[in-house]
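The structure appears right after this line, and notes come after that.
No value in this document is a laboratory result; all are computed from the given coordinates. Just so you know, these numbers come straight off a predicted model, no measurement behind them. Note that each Cβ is placed from the backbone with ideal geometry, even for glycine, and that neighbours are counted across all protein chains shown.
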């Protein structure tokens, strides 16, 4: 089924280089808002994980606190993700940013019970999942299909870079501020992201003619999951990735003094992988490398069975981070199978599912670590990730049915 033709795009749409993309003020604004949001989320997660670890000394609760917002992402995907394809996506994104700002600012209040903090975490995860779908829907309209992988690569690189900076900055800030002070910094960054998006992003008209809501969300989701090829494609995007994030969620419990180093190493590897795969490889080469990258994502963590020195462990985490670039060819394939009017929802579902599996991975790893210890659990969870990748070896390249979502 042919997809509707997109509206003429801005000048950045004509080329696929990073510089050319950033010359478009609208893409630059969308990108800057995303950058600030990632930085704020990283700082907030690090601060909350620190608070929970200090109060409970529980690997499970610490892991869930760092990635627990991802559990709420699936609620957004199942209920209201069709708002990502509403008639006024810019207004939707601004409203969701306002709600995120309120949630992050609330976390900065000293003395909040942990139950309240976890409730805020889930509410933020819900709104953030809708915001991601809306942002990715706008991205697919701001840039042409030929530049989509480059744009996603740049955003993934930025996510990795901001995570490195965020974790490093968080560790430094905690030497001078309380975790609540770090939440204040995160709130300021969220407010800046809101201001940038409001000032630069315009409305787009290629949207659903039907009113978005619960029924529309379910109708599009049913079509998305109806095809076995698409289901396997999503499996490869979600599960191995989520299990590896579960390994990362144990860093604070594994070695509190070097957790920031490990997290930064993983983010640096992600940055390098996305830069290389997204910018230097053609679409065909990206698809050919997808399976090897998915293996690289988990195999280095098997080294933790030997309880390696810090430097060797950091190198392994860095190498594994490169494997996260496997998402690029899989996301590219998913976009090809999605018509324009529901791109926001489908990309939002993909992102929400990936985030949810990151939360599931963190919960699984944290629960197992209660009995096996962090180091052994990292090895076990990584081995399961490798096994799933091998079992679904054709998932990234399988052709879906000719009829699209």
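In terms of the mean number of neighbouring beta-carbon atoms within 10 Å, the peptides 37-49, 93-105 order highest first as 37-49, 93-105.
Measuring r between the beta carbons of residue 292 and residue 203 and using R0 = 25 Å, the FRET efficiency lands at 0.05. For the pair residue 146 and residue 276, a Förster radius of 22 Å applied to the C-beta separation gives a FRET efficiency near 0.70, rounded to the nearest 0.05.
Full-extension gain between residue 172 and residue 188, please, as 0.36 nm times their residue separation minus the C-alpha to C-alpha distance. Can you show the working numbers first?
Numbers: separation 16, 0.36 × 16 = 5.76 nm, distance 1.73 nm.
Answer, rounded to one decimal: 4.0 nm.
Protection proxy ranking of 353-366, 167-180, by the mean of other Cβ atoms within 10 Å over each peptide's residues and highest first, is 353-366, 167-180. Taking packing as the residue-averaged number of other Cβ atoms within 10 angstrom, the listed peptides 187-194, 299-306 run from highest to lowest as 187-194, 299-306. The label point for residue 180 and the one for residue 312, both projected 7 Å from the Cα toward the Cβ, are 4.4 nm apart. Here, the range 16-391 yields an orientationally averaged convex hull projection of 16.7 nm² when only Cα atoms define the hull.
Each residue, residue 105 and residue 255, gets one label point 7 Å from its Cα in the Cβ direction; the gap between the two is 4.0 nm.
Please report the relative contact order for the range 261-394, taking Cα pairs under 8 Å with a sequence separation of at least 6, and give it as a percent rounded to a whole number.
For the range 261-394, the relative contact order is 35 percent.
Distance between the pseudo-spin-label points of residue 391 and residue 58 (7 Å out from Cα toward the beta carbon): 2.9 nm.
How much length would be gained if the chain were fully extended between residue 25 and residue 116, taking 0.36 nm per residue of separation minus their Cα-Cα distance, in nm to one decimal?
Working: separation 91, 0.36 × 91 = 32.76 nm, distance 3.92 nm.
Net length gain for the segment: 28.8 nm.
Extension gain for residue 305 to residue 231 (0.36 nm times residue separation, less C-alpha to C-alpha distance): 23.4 nm. The calculated P(r) of the range 96-197, using every Cα pair and 5 Å bins from 0, goes 2, 11, 16, 21, 21, 14, 8, 4, 2, 0 in percent. Once C-alpha pairs closer than 8 Å and six or more residues apart are averaged by separation and normalised to the residue number of the range 16-391, the relative contact order reads 30 percent.
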